[in-house]
(Lines give C-alpha, C1' and ligand atoms only; values in the text may rest on other atoms or scores of the structure.)
Protein backbone atom coordinates (compact mmCIF):
# COMPACT_ATOMS: atom_id res chain seq x y z
CA UNK A 1 0.00 0.00 0.00
CA UNK A 2 1.34 3.39 -0.99
CA UNK A 3 0.45 6.37 1.16
CA UNK A 4 0.47 9.69 -0.70
CA UNK A 5 -0.07 13.27 0.42
CA UNK A 6 -1.32 15.74 -2.19
CA UNK A 7 -0.77 19.41 -1.40
CA UNK A 8 -2.66 22.04 -3.36
CA UNK A 9 -5.16 24.82 -2.66
CA UNK A 10 -6.90 23.88 -5.93
CA UNK A 11 -8.22 20.31 -6.10
CA UNK A 12 -8.85 20.65 -9.83
CA UNK A 13 -5.14 21.13 -10.53
CA UNK A 14 -4.27 17.61 -9.37
CA UNK A 15 -7.55 15.93 -10.29
CA UNK A 16 -5.96 13.95 -13.13
CA UNK A 17 -3.57 12.35 -10.65
CA UNK A 18 -6.36 11.66 -8.18
CA UNK A 19 -8.43 9.96 -10.85
CA UNK A 20 -5.52 7.74 -11.90
CA UNK A 21 -4.51 6.92 -8.32
CA UNK A 22 -8.10 5.96 -7.56
CA UNK A 23 -7.80 3.15 -10.11
CA UNK A 24 -5.07 1.51 -8.01
CA UNK A 25 -6.22 -0.57 -5.08
CA UNK A 26 -2.89 -0.14 -3.34
CA UNK A 27 -2.80 3.67 -3.28
CA UNK A 28 -4.19 5.66 -0.38
CA UNK A 29 -4.01 9.43 -0.57
CA UNK A 30 -4.80 12.40 1.60
CA UNK A 31 -5.32 15.98 0.52
CA UNK A 32 -4.28 19.20 2.24
CA UNK A 33 -4.39 22.79 1.05
CA UNK A 34 -1.25 24.38 2.52
CA UNK A 35 2.40 23.74 3.09
CA UNK A 36 2.14 24.30 6.84
CA UNK A 37 -0.61 21.69 7.18
CA UNK A 38 1.47 19.28 5.07
CA UNK A 39 4.50 19.84 7.30
CA UNK A 40 2.45 19.22 10.44
CA UNK A 41 0.94 16.03 9.07
CA UNK A 42 4.26 14.77 7.66
CA UNK A 43 5.87 15.18 11.07
CA UNK A 44 3.40 12.67 12.54
CA UNK A 45 2.59 10.40 9.58
CA UNK A 46 4.81 8.50 7.17
CA UNK A 47 4.10 9.02 3.49
CA UNK A 48 5.64 7.25 0.52
CA UNK A 49 5.28 10.37 -1.58
CA UNK A 50 4.28 14.01 -1.17
CA UNK A 51 3.04 15.68 -4.35
CA UNK A 52 2.91 19.43 -4.24
CA UNK A 53 1.40 21.98 -6.56
CA UNK A 54 3.67 24.72 -7.89
CA UNK A 55 2.21 27.44 -5.69
CA UNK A 56 0.49 27.05 -2.36
CA UNK A 57 -1.19 29.78 -0.35
CA UNK A 58 1.70 29.93 2.12
CA UNK A 59 4.80 28.89 0.11
CA UNK A 60 5.91 27.41 -3.18
CA UNK A 61 6.07 23.70 -3.86
CA UNK A 62 9.86 23.83 -3.90
CA UNK A 63 9.91 25.62 -0.53
CA UNK A 64 7.70 22.87 0.86
CA UNK A 65 10.06 20.21 -0.52
CA UNK A 66 12.97 21.99 1.15
CA UNK A 67 11.17 22.22 4.49
CA UNK A 68 10.07 18.58 4.29
CA UNK A 69 13.74 17.59 4.39
CA UNK A 70 13.95 18.82 7.99
CA UNK A 71 10.79 16.89 8.91
CA UNK A 72 11.81 13.65 7.20
CA UNK A 73 14.89 13.58 4.96
CA UNK A 74 13.81 10.24 3.46
CA UNK A 75 10.43 11.43 2.20
CA UNK A 76 9.91 11.26 -1.56
CA UNK A 77 8.53 14.38 -3.14
CA UNK A 78 7.32 15.42 -6.58
CA UNK A 79 6.40 18.96 -7.57
CA UNK A 80 4.37 20.59 -10.31
CA UNK A 81 6.48 23.19 -12.07
CA UNK A 82 6.29 25.34 -15.20
CA UNK A 83 10.09 25.67 -15.25
CA UNK A 84 12.13 24.10 -18.00
CA UNK A 85 13.72 20.81 -16.91
CA UNK A 86 17.12 22.54 -16.69
CA UNK A 87 15.84 25.42 -14.54
CA UNK A 88 13.84 23.01 -12.40
CA UNK A 89 16.97 20.94 -11.82
CA UNK A 90 18.94 24.06 -10.85
CA UNK A 91 16.22 25.31 -8.47
CA UNK A 92 15.51 21.90 -6.91
CA UNK A 93 19.03 20.52 -6.67
CA UNK A 94 19.62 19.06 -3.24
CA UNK A 95 15.93 18.80 -2.41
CA UNK A 96 15.70 15.11 -3.31
CA UNK A 97 12.74 15.56 -5.62
CA UNK A 98 11.64 12.39 -7.34
CA UNK A 99 9.95 14.11 -10.27
CA UNK A 100 8.94 17.34 -11.92
CA UNK A 101 5.29 17.22 -12.91
CA UNK A 102 3.62 19.31 -15.60
CA UNK A 103 0.80 21.72 -14.88
CA UNK A 104 -2.39 19.61 -14.73
CA UNK A 105 -0.61 16.24 -14.40
CA UNK A 106 -2.64 13.27 -15.54
CA UNK A 107 -2.82 9.50 -15.79
CA UNK A 108 0.52 9.02 -17.54
CA UNK A 109 2.27 11.06 -14.83
CA UNK A 110 0.52 9.10 -12.08
CA UNK A 111 1.55 5.79 -13.64
CA UNK A 112 5.19 6.92 -13.85
CA UNK A 113 5.13 7.92 -10.17
CA UNK A 114 3.60 4.59 -9.10
CA UNK A 115 6.17 2.71 -11.19
CA UNK A 116 9.00 4.63 -9.53
CA UNK A 117 7.58 3.99 -6.07
CA UNK A 118 7.28 0.27 -6.82
CA UNK A 119 10.89 0.25 -7.98
CA UNK A 120 12.06 2.07 -4.83
CA UNK A 121 10.19 -0.41 -2.63
CA UNK A 122 11.55 -3.36 -4.60
CA UNK A 123 8.13 -4.46 -5.82
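The values are calculated or read from the model by the stated rules, or taken from the named source; none is laboratory data. Not measured: the values here are computed from a predicted model. With ideal geometry, Cβ positions are generated from the backbone for all residues, glycine too; neighbour counts draw on all protein chains shown.
Among the residues of the stretch 63-81, are any closer than 21 Å to residue 121 by Cα, surrounded by fewer than 17 Cβ atoms within 10 Å (Cβ to Cβ) and without any contact (Cβ under 8 Å) to a residue 12 or more places away in the chain? For the stretch 63-81, residues closer than 21 Å to residue 121 by Cα, surrounded by fewer than 17 Cβ atoms within 10 Å (Cβ to Cβ) and without any contact (Cβ under 8 Å) to a residue 12 or more places away in the chain: present. Among the residues of the stretch 43-54, those identified as in contact (Cβ under 8 Å) with a residue 12 or more places away in the chain and more than 21 Å from residue 118 (Cα to Cα) are 43, 53, 54.
Would a scan of the stretch 29-36 turn up a residue that is part of a loop (DSSP other than H, G, I, E, B), at pLDDT below 95, surrounded by 14 or more Cβ atoms within 10 Å (Cβ to Cβ) and over 12 Å from the mean Cα position of the chain (by Cα)? Can you show your working first?
Of the residues in the stretch 29-36, the ones part of a loop (DSSP other than H, G, I, E, B) are 33-34.
From what is left, the residues that are at pLDDT below 95 are none.
No - not one qualifying residue is present in the stretch 29-36.
Of all the residues in the stretch 1-21, those that are crowded, with 20+ Cβ neighbours inside 10 Å and out of contact with any helix residue (DSSP H, G or I) (no Cβ under 8 Å at 6 or more places or on another chain) number 1. When the stretch 109-123 is examined, which residues are found to be free of Cβ contacts under 8 Å to residues at least 12 places away in the same chain and closer than 20 Å to residue 6 by Cα? If the condition is that a residue be free of Cβ contacts under 8 Å to residues at least 12 places away in the same chain and closer than 20 Å to residue 6 by Cα, then 115, 118 are the ones that fit. Going through (1) out of contact with any helix residue (DSSP H, G or I) (no Cβ under 6 Å at 6 or more places or on another chain); (2) over 15 Å from residue 113 (Cα atoms); (3) in a loop (DSSP other than H, G, I, E, B) one by one, residue 24 falls short only on (2). The set of residues from the stretch 92-107 being out of contact with any strand residue (DSSP E or B) (no Cβ under 6 Å at 6 or more places or on another chain) and either buried (at least 16 other Cβ atoms within 10 Å of the Cβ) or free of Cβ contacts under 8 Å to residues at least 12 places away in the same chain (or both) comprises 92, 93, 94, 95, 100, 105.
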